[in-house]
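Remarks on the structure that follows.
The values are calculated or read from the model by the stated rules, or taken from the named source; none is laboratory data. Computed from a predicted model, the values in this text were never measured in an experiment. Here the Cβ positions follow ideal geometry from the backbone for every residue, glycine too, while neighbour counts run over all protein chains shown. Only protein heavy atoms, including side chains, enter the accessible area calculation; ligands, DNA and RNA are left aside. Shrake-Rupley method; radii C 1.70, N 1.55, O 1.52, S 1.80 Å.
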Amino acid sequence: MPTTQSSLIKTKKVTQSRISEIDFNNLNFGKVFSDHMFIADYKNGEWVDAEIMPYGQVQMSPATSALHYGQSIFEGMKAYKNDKGEVLLFRPFENYKRINISADRMAMPTIPQAIFMEGLKQLVKLDSQWVPTTEGASLYIRPFLVGTDEYIGVKPSDEYRFYIITAPGGAYYTEPVKVLVETNFIRAVEGGVGFVKASGNYGRSLYPTRLAQQRGYHQIVWTDARNHRYLEESGTMNLMFVIDDVLITPPLGDTILAGITRDSVLTLARDWHMKVQERKISIDEVIDAHNRETLQEAFGTGTAATIAHISLIGFEGKDYQLPPVENRIFSHRVSKELDNIRTGKAEDKHNWMYKI
Ligand code: COI
C-alpha cells in the first residue's frame, strides 16, 4: 500500500479503487462509501496520528465508552462538482463550528480547524472521482467524533477518535413526505441536547418514527415537550411553512438543531425580500391556515433532505392534504437556487462554496 506524507496527514492509498463497481445512475442515500476515510486520535490531551487510509472495518474494544454512554456526535455535509469538474464544499466552516458546539455540550474535546479542514480537503480531493455529477446527487460527507476509552465507568472519555467518511448518494427522500405530528413522545426539552448533533437524538427518534411509519407516514413532526402544540423539527429536517406569503420557521433554541440548510433558505428568502418570521408556530395555526386556504407550502430543510416537500400532515386522527407540490413557488425556487449555487451555475453571493 503506497504511503505518502502530506503536511500533518499521512496517506495510505487503496491499491485498487472500487469505483468501477458503482452504478452512479442508481445511487441510494448512505449505502456506498468511497475508497478512503480520514481518522485522527485524541490522546493525552493532544490530537495525533491524522491519517487518510482505505475505507474499511475498524477494530474496537467492546468496552469502548461511546458504545455505552453515547459520547458520539456527527455532522452532515456535501460536496458537488461544477461544469469545469472542480469540487466544491457547501459551507464547510459552518459544520466545523457546529461539531465543536456539539463537542462542548457532550464534554468532548473540540477539533482544531486544521485537523477538520485539512482532513476534509485532502480526503475529498483524493476521492474526487466519487463526487457524482448526476442530477440531484452529491458526495455526502459524514464527520463524526466518538469517545474511545476502554472503560465502562460513567465519565467523559479521555481518548477520542475523529473520523470522516464519504458516500456518493442521491436524494434522502425520493417523494414528498407525509408527516405525523407527534403528541406523545418527546425529542428534546429546554436544558437538553436537542440543539446538538448527538447520535442519541436520532436513536431516540426511531421508535416513535417506526410507529408513525406503521400508520403510513414517512416521518414525525416533533412538538414542544411541555404542551405538544408548538412545532419543532421533523425527523432529519428543520421545518418551514409559507402562510399568506410569509416564510415561517420555528426559532432556534435548546430544542432545535441550527440547520445550515435552514439558515441558507432564510438568507435567500431575505435576499428576495420575502417576509421571514423565526417564531413559534403551533399545529393549531397550521391547521387554521390550511382550513382558511392560506397555507401555501410546508417543507423540511436539511443537508441530506435538501428541500423536502411535505404533502400531508396527520394530527389527532385526521390527515390534512396540503396544496399540490407543483404549485409551490418558493420551495421550488429556493431548491433550484441552492442547486445552482452548489454546482456553480448561480452567483455565490454569500461565499458559501469552498473550492477544494
Ligand atoms: C444530515 O442532513 O446531514 C443529517 O445529519 C440527517 C441525517 C441523515 C441523520
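Some values worked out for this structure:
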quantity: Net charge of Cβ neighbours under 11 Å - reference E159; Lys, Arg +1; Asp, Glu -1; calculated: -3
quantity: Cα point-scatterer Debye curve for the range 3-169, base-10 log of I(q)/I(0) at q = 0.13, 0.18, 0.19, 0.20 Å⁻¹; calculated: -0.64, -1.16, -1.26, -1.35
quantity: Alpha carbon centroid spacing (whole Å) that separates the range 217-282 from the range 114-180; calculated: 24 Å
quantity: Cβ-defined net charge surrounding D224, 14 Å radius [Lys, Arg +1; Asp, Glu -1]; calculated: -2
quantity: Mean accessible surface per residue for the range 3-169, computed with a 1.4 Å probe while every protein chain stays in place, in Å²; calculated: 48 Å²
quantity: Global geometry of the range 114-244, whether rounded, prolate or oblate, following the gyration tensor of its Cα atoms and the 1.5 cut on a/c; calculated: oblate
quantity: Fraction of accessible area attributable to carbon and sulfur, the range 177-342 (%, probe 1.4 Å); calculated: 48 percent
quantity: Only Lys, Arg (+1) and Asp, Glu (-1) charged, at Cβ; the range 3-169 dipole about Cα centre in debye; calculated: 260 debye
quantity: Value at 222 nm in deg cm²/dmol, rounded to 500, when DSSP H runs of n ≥ 4 in the chain each add -39,500 (n - 2.57); calculated: -7000 deg cm²/dmol
quantity: Net charge, I39 excluded, C-beta distance under 14 Å - Lys, Arg +1, Asp, Glu -1; calculated: 0
quantity: Carbon + sulfur, % of accessible area of the range 3-169 - ligands and nucleic acids excluded, 1.4 Å; calculated: 49 percent
quantity: For the range 177-342, diffusion coefficient by Stokes-Einstein and Kirkwood Rh (Cα), 20 °C, 1.002 mPa s, µm²/s; calculated: 135 µm²/s
quantity: In the range 50-110, the trypsin sites (Lys or Arg not before Pro) that fall in loop regions by DSSP, at most 15 other Cβ within 10 Å; calculated: K84
